[in-house]
Amino acid sequence: MTGLAERLRRSLAFEGPMPLSRFLALAMAERSAGYYTTRDPLGAAGDFTTAPEISQCFGELVGAALAQAWLDRGAPAPVRLVELGPGRGTLLLDAFRATQRVADFHRAIELHLVEASPVLRALQAERLAAFAPRFHDRLETVPEGRPLLLIANEFFDVLPIRQFVRTADGWRERLVAADEHGRLGFVLAPHALSLPELGTDLREGTVVELSPARAALACEIGRRIAAAGGLALLVDYAKVGAVGDSLQAVRGHRRADPLEEPGNVDLSSRVDFDALARAARAQGAAVFGPIGQGAFLERLGIRARLARLAAGRPEPVARALAAGVRRLVDPEEMGTLFRVLAVTRSGEPVPPGFEPQELAA
Ligand code: SAH
């Protein structure tokens, strides 16, 4: 039993059942024993992998898109480049290598990283030392007043959600509880809520997911960009709307029980991009998409990039490069399940990889 599990049990015995969002916040980001605060989950012996770790083309094309957006906005200097949850720093390393020759871009960058994990901070500080990154626990402490270039890949999916289940008398929140043996399990809140905005025609047993944490972050991004301009690219495993139980636990690249060994299992859930778009737009920002990750990368030229990378390389290397790209863009793999939302200031140029008609109305 982990120390965190023991603390959770004591807290549940004393306070009673807790919302899923509180359980997730503790399991994932608790300071001394949370999943992300204690490890590098992406390393060779890790639990899961991500687009920048699968193919260098991902970070390269995101870098090119951000540099283009910077040029399109008149090459402001300084410009704040922010990554939320940079993981191993791979995306930015690839992005910086791909944009070396964009005159003055690197010199204009002030790099800010929002990262909860001391383990990953150390790795990011080392790998991105040339840009002297400043670290933050939250976006809120990044200074304001300059244009913002922001990237978040697989960050929103780890922020906590709440779940509500449709019952005969209304919506009941799904809570985490401990039984008399200390085993964790799900229970429904004793009181039902009426949540008319979720619709009244959903069948009993339907689960909806709401995330105040994600909405608050999307508001903050929208507010900053509406005020100072720039571009945010939010990339994540998506769901359509709020309906559906998408909580997923992964350990060692396999599915696990979400309540087993809190702090040692990766817990994530799919992102409702409509909710993010609404939040950012409510702050006056312009929002494009979401579009599929495959379409986004194809438009940015991933095929041409792959051809250049693979040219003249030994056959097995060329095949591995192509396999990585296929994983990112194929509709059967990450191409449509992962989606990209762009947040910008209204009146600014259309973000690279998007079409004018993809401006959300
Ligand atoms: N973007 C990277 C890593 C994704 S994993 C990639 O694509 O490879 C999620 C990242 O967010 C990790 O760096 C993790 O440590 C960080 N993270 C998770 N929860 C966080 C929180 N609440 N605050 C700040 N960073 C967090």
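The values are calculated or read from the model by the stated rules, or taken from the named source; none is laboratory data. Keep in mind that this is a model prediction, so the values were computed, not measured. Using ideal geometry, Cβ is built from the backbone for each residue, glycine included, and neighbour counts are taken over all protein chains shown. Note: areas computed on protein heavy atoms with side chains; ligands, DNA, RNA excluded. Shrake-Rupley method; radii C 1.70, N 1.55, O 1.52, S 1.80 Å.
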Amide H neighbours of R345 at under 5 Å, excluding residues fewer than 5 places away on the same chain, with H built from the backbone geometry, are G230, A286
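Helix-derived [θ] at 222 nm for the chain: sum -39500 (n - 2.57) over DSSP H runs of at least 4, divide by residue count, nearest 500?
Working: 12 runs with 125 residues, N = 361.
So the helix-based figure for the chain works out to -10500 deg cm²/dmol.
Please give the per residue accessible area of region 55-203, computed with a probe of 1.4 Å over protein heavy atoms only, in Å².
Using a 1.4 Å probe on heavy atoms only, each residue of region 55-203 averages 45 Å².
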In whole percent, what relative contact order does the chain give with Cα contacts below 8 Å and a gap of six or more residues? 20 percent
Please identify, among L71, L202, L24, the residue showing maximal mean-square fluctuation in a Gaussian network model of the chain using a 10 angstrom Cα cutoff. L202
Mind telling me which of P351, P41, P143 comes out most flexible in a GNM of the chain, alpha-carbon contacts under 10 Å? P143
So for region 109-193, what are the equivalent ellipsoid semi-axes in whole Å, largest first, each being the square root of 5 times an eigenvalue of the Cα gyration tensor? 41, 18, 9
On a C-alpha basis, how far is the centre of region 286-345 from the centre of region 225-240 in Å? Whole number, if you could? 18 Å
How long, wide and thick is the chain, going by the Cα atoms along their three principal axes, in whole angstroms, largest first? 63, 44, 39
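Would you mind telling me the share, in percent, of accessible area of the chain contributed by carbon and sulfur at probe 1.4 angstrom?
Numbers: 8360 of 16010 Å².
Carbon-and-sulfur percentage of accessible area, whole number: 52.
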Contact order normalised by residue count of region 175-276, Cα under 8 Å, 6+ apart, percent: 25 percent
If one builds a Gaussian network model of the chain from Cα atoms under 10 Å apart, the most fluctuating residue listed among E60, E180, E260 is E180
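Using +1 on the beta carbon of Lys and Arg, -1 on that of Asp and Glu, and nothing else charged, what's the dipole of the chain about the Cα centre, debye to 20? Please list the in-between numbers first.
On the way: 43 positive and 44 negative charges, 160 e Å.
Dipole magnitude for the chain comes out near 780 debye.
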